[in-house]
Amino acid sequence: MKTGRIIKSLSGVYRVDVNGEMYDTKPRGLFRKNKFSPIVGDVVDFEVENITEGYIHHVHERKNELKRPPVSNVDHLVLVMSAVEPEFSTQLLDRFLVIAHSYHMRPRILVTKRDITSPSMENKILQTLKIYENMGYHTQFISVEDHIDEVFMQWGEGLVVLSGQSGVGKSTLLNRYFPELNIETQHISRALNRGRHTTRHVELFERKNGFIADTPGFSALDFNHIQKDEVKHYFMEINEYGEHCKFRDCNHINEPKCNVKHEIEKGNIAHFRYEHYLQLFNEIANRKERY
């Protein structure tokens, strides 16, 4: 019996890495019976059938799991945004951050295409990133001139997942780090302000201090697993200041003696962050009515 990590899944075959040795494995029938499927990132025990093939017997407990795209045991989730083409959006960033926190991920923020940004836009993005840094987020604003090794090393050890909408440069980053991969990239659709999907499956690539995943770009964000009363916990500064509200179940909307409202007036919570919180809260609150 061997133990390794699934680095690729395609057509029911799971490629498992065991200290650099690769095995193409299939799950035992027991998994199908229990309606459970291994996913990329899983640590598994498998029995070797021949030199490079085997059957998975056991999947180790996952410390976390991303649903879309399916990948487990993530150490760092890097949310990739672009400065332009598509245009940088704090609303979209905040929605990605909520998804990350809801799956118990440690999100980082990476903004690309600094080299094609106007001076005024560059300054605006730097000021915005400072707000996120003050909340405790690790941020990077990079251009094509930056050394890609230094960019990747800042993410620390373990499994890194690059996530974000299509066209922001995830595959371009991987191509710079792994030139031999030659991952397909496509131009931005100016009508839609987003790129076409170029990555169609999840795959892990080995880097100097762990693995990195290239994942399909998101065309929509799914909040079906989040309840309206949970949203406040996924906005870090609102969650922190909300602990001092008079009522423990305060949602920071119309409740009396709300400390979050007080901190907004003092300038300790950015207005745009609170607006994004309200939008998402109301969107989830109205979800059942729509259906």
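The values are calculated or read from the model by the stated rules, or taken from the named source; none is laboratory data. All values derive from a computational prediction rather than experimental measurement. Positions of Cβ are generated from backbone atoms using ideal geometry, with glycine treated the same way; all protein chains shown enter the neighbour counts. Remember, those area values only see protein heavy atoms, side chains included, never the ligands or the DNA or RNA. Shrake-Rupley method; radii C 1.70, N 1.55, O 1.52, S 1.80 Å.
A few comments on the model shown:
- Dipole of the chain, positive direction: furthest Cα of 144, 79, 92, with charges on the beta-carbon: 92
- Across the chain, Cα pairs under 8 Å and at least six residues apart give a relative contact order of 14 percent.
- Relative contact order for the stretch 39-163, counting Cα pairs under 8 Å that sit 6 or more residues apart, in percent: 26 percent
- By accessible area, using a 1.4 Å probe on protein heavy atoms only, the stretch 1-150 has 47% of its surface on carbon and sulfur.
- Added length on full extension, which subtracts the Cα-Cα distance from 0.36 nm per residue, residue 134 to residue 286: 51.5 nm
- Counting only DSSP beta bridges whose two residues both lie in the chain, roughly 55 percent are antiparallel.
- Signed unit charges on C-beta, dipole axis of the chain, positive-most listed residue 31, 13, 181: 31
- Kirkwood-Stokes translational diffusion coefficient of the chain, alpha-carbon pairs, 10 °C, 1.306 mPa s, µm²/s: 76 µm²/s
- When both bridge partners sit in the stretch 8-102, DSSP labels roughly 75% of those beta bridges antiparallel.
- In angstrom, the C-alpha Rg and Dmax of the stretch 86-143 are 11.8, 36.
- Rounded, prolate or oblate (a/c below 1.5 giving rounded, otherwise prolate when a/b exceeds b/c) for the stretch 27-122 by Cα gyration tensor: prolate
- Over all directions, the projected convex hull of the C-alpha atoms in the stretch 38-188 averages 10.7 nm² in area.
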